[in-house]
Amino acid sequence: MSLTDRELWTVIHGMGLGALFLLAFAGGLAGLWSLRPEFMTVGGLRERIPRLEIGTAVMAVVAWATVLTGTYVIYPWYRAAAQTSPKSLLLADPTKAAWHTFGMEWKEHVAFIAPILATAVAFVVIYYGPQLAREPRVRKLLITLFVIAFSAAAVAGIFGAFINKAAPTI
Amino acid sequence: MTQIVERTRLAVTVPAYWDGLYAPTKPSGPAAAAILAAGIGCFVMGLVTSIAAGVSGFSNAIAFVNPVGPLSGKSDIAIATYLVAWLVLYLVWRKKDINIGRVGTATLILVALGILGTFPTFFDVFVG
């Protein structure tokens, strides 16, 4: 039972960083959703704001780490000209070609939406701090951007998992 | 004794959060700058993806990192535009109150167009 270097990087990219972003989303969404003055106690606000600031900042960093490792470490192996590269194997089989022509082509581009939006959300959460609780329009906009960031990451993650199943990077 | 210490600690730390909550509202400019810049970054990602699909010369020219190919240029251009837009908007809006509703609408339209531009069924229309 062992992993090659390429498999290890794939695990770090997808099951480590990518999964961490997707799993942390629920906590961040709940934090933003319930950050309303009518729900807040002094203790709740004191406990929640630093957690939300740190959580969204970590999610933004993780999102960047995910797309950068995917683009600059794993993607070159995927698209190598060799006949044994995952891209070559998928395109050589008409029943699997769409995993590249649709799946990978969308995944590799839409993934960048996630860290860009996650960074904006983290910045605004940190900028407003406790005052975010009395800025309902800003909070709702952040929730929308957060959901879009999650959706983009989910598209990338789901296609990544299926593509790696159809043609593993080994 | 422990309760007294705890009450004292809360009395010192908790008001800081209430002060933060009820402090004079911060100008919305810096937040609006970050949000709109993100929309611009997403839009540019979709735009360069669609242009690269239709113009092979452009696609080849933006292969900044050879093993990564054109994706390196698309992402670099989108990220650079995003950061420059954020910096410029921040400098212009940092002390202003900007209508966050309008910025939000503009951002969501830009993000939607950006996602559309990255969608293969859409950008394949431009493939020569």
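Of the residues making up the stretch A:47-99, those that are over 26 Å from A:Trp9 (Cα atoms) and surrounded by 18 or more Cβ atoms within 10 Å (Cβ to Cβ) are A:Arg48, A:Ile49, A:Leu52, A:Glu53. When the helices (runs of 4 or more DSSP H) confined to the stretch B:1-78 are screened for residues that are more than 30 Å from A:Leu132 (Cβ to Cβ) and modelled with pLDDT of 95 or more, those reaching at least 1 such residues are found at B:29-54, B:56-61. A residue that is within 11 Å of the chain's Cα centre (by Cα), among the hydrophobic types (A, V, I, L, M, F, W, C) and closer than 21 Å to A:Arg51 by Cβ occurs somewhere in the stretch A:116-138.
Within the stretch B:73-115, the set of residues being open to solvent by 50 Å² or more (accessible area, probe 1.4 Å), at the interface with chain A (Cβ under 10 Å from one of its Cβ atoms) and farther than 20 Å from A:Ala60 by Cβ comprises B:Asn99, B:Thr105, B:Ala112.
Take B:Arg94 and decide whether it is out of contact with any Ser or Thr (no Cβ under 9 Å at 6 or more places or on another chain), of a type in the set (D, E, K, R) and free of Cβ contacts under 8 Å to residues at least 12 places away in the same chain. It is false that B:Arg94 is out of contact with any Ser or Thr (no Cβ under 9 Å at 6 or more places or on another chain), of a type in the set (D, E, K, R) and free of Cβ contacts under 8 Å to residues at least 12 places away in the same chain. One residue alone among A:Val121, A:Val147 is of a type in the set (A, V, I, L, M) and surrounded by fewer than 16 Cβ atoms within 10 Å (Cβ to Cβ), and that residue is A:Val147. Among the residues of the stretch A:11-21, those identified as touching a helix residue (DSSP H, G or I) at 6+ places or on another chain (Cβ under 6 Å) and open to solvent by less than 50 Å² (accessible area, probe 1.4 Å) are A:His13, A:Gly14, A:Leu17, A:Gly18, A:Phe21.
The set of residues from the stretch A:124-142 being of a type outside the set (Lys, Arg), open to solvent by 20 Å² or more (accessible area, probe 1.4 Å) and in a helix (DSSP H, G or I) comprises A:Ile126, A:Tyr127, A:Pro130, A:Pro136. Criterion applied to A:Phe25, A:Phe39 was being open to solvent by less than 80 Å² (accessible area, probe 1.4 Å), out of contact with any strand residue (DSSP E or B) (no Cβ under 7 Å at 6 or more places or on another chain) and closer than 20 Å to A:Leu141 by Cα, and the one residue passing it is A:Phe25.
For the stretch B:33-72, residues that are open to solvent by 10 Å² or more (accessible area, probe 1.4 Å) and among the hydroxyl-bearing types (Ser, Thr, Tyr) total 3. Six or more apart or on different chains, Cβ under 8 Å: which pairs go from a residue in the stretch A:100-121 that's hydrophobic (A, V, I, L, M, F, W, C) to one that's outside any helix (DSSP H, G or I)? Could you list them? Between residues of the stretch A:100-121 that are hydrophobic (A, V, I, L, M, F, W, C) and residues that are outside any helix (DSSP H, G or I), the close pairs are A:Trp106/B:Phe119; A:Val110/B:Phe119.
The values are calculated or read from the model by the stated rules, or taken from the named source; none is laboratory data. A quick note: this is a predicted structure, and the numbers were derived from the prediction, not measured. Here the Cβ is made from the backbone with ideal geometry for all residues, glycine too, and neighbour counts use every protein chain on show. For the accessible areas, the whole protein counts, side chains as well, though only heavy atoms, and no ligand, DNA or RNA atoms are used. Shrake-Rupley method; radii C 1.70, N 1.55, O 1.52, S 1.80 Å.
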